1. By how many nm would the segment from ALA88 to ILE58 lengthen if fully extended, with 0.36 nm per residue of separation less the alpha-carbon distance?
2. Go through 160-169, 178-187, 233-242 and give me the packing order, highest mean Cβ count within 10 Å leading.
3. Modelled label-to-label distance, PHE108 and THR242, 7 Å Cα→beta-carbon offset: nm?
4. Could you check the simple spin-label distance between LEU311 and LEU262, using points 7 Å along Cα→Cβ, in nm with one decimal?
5. How would ILE299, ILE157 line up from fewest to most surrounding beta-carbon atoms within 10 angstrom?
6. How do 116-125, 197-206 rank on mean C-beta neighbours within 10 Å, highest first?
7. Which three extents, in angstrom, do the Cα atoms of the range 257-317 have along their principal axes, listed largest first?
8. Any chance you could run the full-extension gain for VAL200 through ILE148? It's 0.36 nm times the residue separation minus the Cα-Cα distance, nm to one decimal.
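Laboratory data are not the source of any read-out in this text; all were calculated from the coordinates shown. None of the values given here were measured: they were computed from a predicted structure. Note that each Cβ is placed from the backbone with ideal geometry, even for glycine, and that neighbours are counted across all protein chains shown.
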Amino acid sequence: MFDGFSAIYVVYAGAALTGIMVAEAVYLLYAGRSDKRTAINRRMKLQENKISQEQVLIQLRKERGLDAGTSLFSPGRFRALRTQSGMAMPLSKFLMITCGVAMAVALFAISRGLPLLMGLILVVVLMPLLPVMAMRSMRKRRLKRFGIQLPEALELITRGLKAGHPVPVAIAMVSREMPDPIGTEFGVIADEVTYGSDLVSALNSLFDRVGHEDLPLFVTAVSIQTSSGGNLREILDGLSTTIRERGKLRRKVRAISSEGRLSAYILTAVPALLFTAIMAMMPGYYSDVWGVPKTWYMIGGSVSWLMLGNLIMFKMSNFRF
């Protein structure tokens, strides 16, 4: 039915189909396991180790740099950035990794002809810059996830209040039923209230740990209800709706400004792509001047102007309200 030439194509098609099916099976298996892993937040995982609730709270505070030992060795703003980034890695290990990356980049640049003095300057610039950039990126992703989860958490608290539970118990329900980051953060609130802190102070500590712009609304609502009374259930119900609408408005503004951001991305990528293309097609175009010190000063000036232009473009296309 098939000649030899056609049979080869049939074999190729069968092999491709088999590969696709195997890849899909592996993906579905991994996705299922991943869902199971993320179903339990960090606090619940620590509780599985059969340690006391107080030890869980101490461990969580230590991971976030909130214990007295780590707070002595980091400036206030850096410590706040680390806390809000949600990084559980020890600070010393994180700084060793980023310093190693900075030194590796500088050594690579020196091996490609960068003067030693410029290499030392590059290390001095990258060592403090890389940790801050990494933690700012982690904080941005964490705030985005927290903002998505917050309305659902408020609705869960509202349902707990409707069932007759007090506010601390309703907050503890959030810590048991929602994943990170909000599950662990609300669990810390429940633990702090359990061990003597008042609810308003615990909520203020939550804002310090997370830094999300919608949290003061929640803290203010609970503070007013605690001091003067009121129907907290209706307040939280309206608050969750307000936060959802603000989220919709943010996404709408982001969609409208997407063209400006895309233009900024393209204009940022063009110089790097052009440099790579020239190096691939004409390797001697730049290699002939690598050893000239003025070349690196010109490159440094060009990169500085490029970064300034990028900063202006991203400021124009990113709106805060």
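1. 9.5 nm
2. With the highest mean Cβ count within 10 Å placed first, the list reads 178-187, 233-242, 160-169.
3. Computed distance between label sites PHE108 and THR242 equals 4.9 nm.
4. Spacing of the two 7 Å Cα→Cβ label points: 2.8 nm.
5. Final ranking by Cβ density, sparse to dense: ILE299, ILE157.
6. 197-206, 116-125
7. So the three principal-axis extents are 42, 24, 6 Å.
8. Values: separation 52, 0.36 × 52 = 18.72 nm, distance 2.28 nm.
Full-extension gain reported as 16.4 nm.
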